[in-house]
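Input: a single structure, listed below in structure tokens.
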Amino acid sequence: MAVGVLALQGDFREHAAVLHQLGAAPVEVRLPRQLAGVSHLIIPGGESTTIGRLLDRYGMLEPIRARAGRDLAIWGTCAGAILLARQVLDVKKGGQPTLAVMDITVRRNAYGSQLDSFETLLPIPLLGEPPLRGVFIRAPQIETVGKGVEVLARLEEGAIVAARQGRLLVTTFHPELAADDRVHRYFLEL
Amino acid sequence: MGYHFDVALPIFCLPLPHMLAYGKIFYATKHRRDESGQECADSPPEIKTEVSGMEKSTWTTKVGLAQMLKGGVIMDVVTPEQARIAEEAGAVAVMALERVPADIRAQGGVARMSDPELIVAIKEAVTIPVMAKARIGHFVEAQVLEALGIDYIDESEVLTPADEEHHINKHKFNIPFVCGCRNIGEGLRRVAEGAAMLRTKGEAGTGNVVEAVRHARAVYGEIRRLQSMGEDELFVYAKEIQAPYELVRQVAELGRMPVVNFAAGGIATPADAALMMQLGVDGVFVGSGIFKSGNPMQRARAIVEATTHYNDPEIIAHVSKGLGEAMVGIEISKIPAEQLMAQRGW
């Protein structure tokens, strides 16, 4: 089974480049038929309203929901985390389509505008030393997690920035921009 | 006139004291010193911040937002209502303006930064990133836009230039900038000045894609030529195109520009957008093309879908059906030379 990168919009090529380096041959997924042969799917950073609309328009929401966490492991980075969350706060007026498969509540643009985008060294116990360089770009924040969700990383002040529920993984930052393949390797093992 | 680089070192020393203010800085590439003993980076895009605590407005976050916009459409809007339509249609960002380029062209006069009140109203209407334009070289307009807390500044030839020699020193700002270019020399000069994103210029407000194609062909053709050059030839090439050698070398190594490069200027149809994507750009700006057309919402959606599925002619055909009237295009040769916007910028 192949590893897919949702290629509707966003920094999917950066994810694909890391996967190439790890020896996986990533498949760009834009249509339902491209999803069929995929066992792992990365939803990249990008604009969640844009990706959500295209998922809806091209009939991808149901096929992904039907397999999410079962025979399809999914990792959402940033916009991807928004798309996976069961509840999203500060959505576009009138709401926005999401997959809503993971038991977390996510707030969009939780830190402010681009001027509040930041980098920080992020200790992730699961990955060990050294800490990962967390790149947060107009990032969302995970406000609450459900019972079956494991918190994987927090900022110093406590904000949840990475979590896992079985075969569903979210990070509100961008490991694909940090020249560090540990989260990708972790995901491929899910 | 303009820049001339025999060797491309000292320019990179200029932003350093400013960048140091953000925290401890190291370079991914080798360190070295210029003749004055001051340490120089090889090139801005490779500067990395060694973060301790939260470091805002690093080069990675500036370039990173452009990465997140890739594969998307950035739409010019002149009212909060248009901004909502753009967001609803799937735009990845909006460009807040008082007049779209077609109207600037038609009405003439000096085109300036938009009213901050309008920009704030547009910012409040949407949840996606908001960009706004400052005149070339008008660093106070840029300061004002930064103070408004928007997400990106376009130092744009669509507005009347404020300085016919200097562009804004974009390293001095926390907010990232996008700049226009017609070829890699111009693009790399902008990157040297701190632009975190580029767009080919095209000819804004014409609804005619020919200049956008010319500029994208130039950029990607030059990149392919660079990749076949020997190291010795890169020095001369950098001199000829008046671009910093280290950035030229970086393009040759990467096989792409050091920052994200969108297309702009004359894109009016879904097929235009897909054409630019197939030529190699990372995404598209659509200015007058949407809200000067018969059915903006439907056209905006169609352009978004064609940008995603740019390699799928069946989808492009499908979304192109029944869009109503496209904006009226202008033959470039009919525009008086002094009114060509792409020639602004140095």
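The values are calculated or read from the model by the stated rules, or taken from the named source; none is laboratory data. This is a predicted model, so every value here is computed, not measured. Don't worry about glycine lacking a Cβ; one is built from the backbone with ideal geometry, like all the others, and counts go over all protein chains shown.
Apart from one condition, B:A142 fits all of (1) modelled with pLDDT of 95 or more; (2) more than 30 Å from A:P44 (Cα to Cα); (3) more than 14 Å from every other protein chain (Cβ to nearest Cβ); (4) crowded, with 17+ Cβ neighbours inside 10 Å; the exception is (3).
Screening the candidates B:E193, B:E211, B:E222 for the property of being surrounded by fewer than 24 Cβ atoms within 10 Å (Cβ to Cβ) and closer than 17 Å to B:W59 by Cα yields one hit, B:E193. The requirement of being within 13 Å of the chain's Cα centre (by Cα) and under 17 Å from B:M95 (Cβ atoms) is fulfilled somewhere in region B:158-176, by at least one residue. Residues of region A:111-124 that are at the interface with chain B (Cβ under 7 Å from one of its Cβ atoms) and of a type in the set (F, W, Y): A:F118 alone. The set of residues in region B:82-96 that are in contact (Cβ under 8 Å) with a residue 40 or more places away in the chain and either more than 17 Å from B:N295 (Cα to Cα) or not small (G, A, S) (or both) comprises B:Q82, B:R84, B:I85, B:E87, B:E88, B:V92, B:A93, B:M95, B:A96.
The condition (being buried (at least 24 other Cβ atoms within 10 Å of the Cβ) and more than 22 Å from B:E98 (Cβ to Cβ)) is satisfied by just one residue among B:A273, B:A264, B:A268: B:A273. On the stretch given as region A:25-60, residues that are part of a loop (DSSP other than H, G, I, E, B), away from chain B (no Cβ under 14 Å) and surrounded by 17 or more Cβ atoms within 10 Å (Cβ to Cβ) total 1. Tallying residues that are of a type in the set (A, V, I, L, M, F, W, C) and either more than 24 Å from B:K201 (Cβ to Cβ) or more than 22 Å from the chain's Cα centre (by Cα) (or both) within region B:293-341 yields 13. Quick one: in region A:164-181, of everything that is in a loop (DSSP other than H, G, I, E, B) and of a type outside the set (D, E, K, R), which residue is farthest from A:Q87 (Cα to Cα)? Per the stated criteria, the residue is A:A179.
Please work out if B:A204 is modelled with pLDDT of 95 or more, buried (at least 19 other Cβ atoms within 10 Å of the Cβ) and under 21 Å from B:M131 (Cα atoms).
Spelling it out, it is not the case that B:A204 is modelled with pLDDT of 95 or more, buried (at least 19 other Cβ atoms within 10 Å of the Cβ) and under 21 Å from B:M131 (Cα atoms).
Restricting region B:243-268 to residues that are closer than 30 Å to B:G324 by Cα and in a loop (DSSP other than H, G, I, E, B), which is nearest to the chain's Cα centre (by Cα)? Across region B:243-268, the extreme among qualifying residues is B:A264. Of all residues in region B:79-93, those satisfying the criterion of being buried (at least 22 other Cβ atoms within 10 Å of the Cβ) and within 11 Å of chain A (Cβ to nearest Cβ) are B:A83, B:A86, B:E87, B:A89, B:G90, B:A91, B:V92, B:A93. Of the residues making up region A:152-186, those that are under 26 Å from A:A66 (Cβ atoms) and buried (at least 23 other Cβ atoms within 10 Å of the Cβ) are A:A162, A:A163, A:L168, A:L169, A:V170, A:T171, A:T172, A:V183. Would you please name the residue that is farthest from A:R57 (Cα to Cα), looking only at residues in region B:296-342 that are free of Cβ contacts under 8 Å to residues at least 60 places away in the same chain and of a type in the set (S, T, N, Q)? Going through the qualifying residues, I end up with B:S333.
Between A:G52, A:G59, A:G45, the distinction of being at pLDDT 95 or above and touching an Asp or Glu at 6+ places or on another chain (Cβ under 6 Å) belongs to A:G45 only. When region A:77-110 is filtered for residues that are within 9 Å of chain B (Cβ to nearest Cβ) and not β-branched (V, I, T), the ones remaining, listed by number, are A:C78, A:A79, A:D90, A:K92, A:K93, A:G94, A:Q96, A:R108, A:N109.
When you scan region B:269-282, do you find a residue that is acidic (D, E), in a loop (DSSP other than H, G, I, E, B) and within 19 Å of the chain's Cα centre (by Cα), even just one? Yes, because at least one residue in region B:269-282 is acidic (D, E), in a loop (DSSP other than H, G, I, E, B) and within 19 Å of the chain's Cα centre (by Cα).
Yes/no per residue for (1) out of contact with any helix residue (DSSP H, G or I) (no Cβ under 8 Å at 6 or more places or on another chain); (2) at negative phi:
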{"site": "A:I51", "(1), (2)": "no, yes"}
{"site": "A:R57", "(1), (2)": "no, yes"}
{"site": "A:P63", "(1), (2)": "no, yes"}
{"site": "A:A79", "(1), (2)": "no, yes"}
{"site": "A:I82", "(1), (2)": "no, yes"}
{"site": "A:G128", "(1), (2)": "yes, no"}
{"site": "A:R133", "(1), (2)": "yes, yes"}
{"site": "A:I137", "(1), (2)": "no, yes"}
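Consider A:L6 carefully, then state whether it is within 14 Å of chain B (Cβ to nearest Cβ) and surrounded by fewer than 21 Cβ atoms within 10 Å (Cβ to Cβ). Spelling it out, it is not the case that A:L6 is within 14 Å of chain B (Cβ to nearest Cβ) and surrounded by fewer than 21 Cβ atoms within 10 Å (Cβ to Cβ). The strands (runs of 3 or more DSSP E) found wholly in region B:1-112 and carrying at least 1 residues that are of a type outside the set (K, R) and modelled with pLDDT of 50 or more occupy B:73-77, B:93-96.
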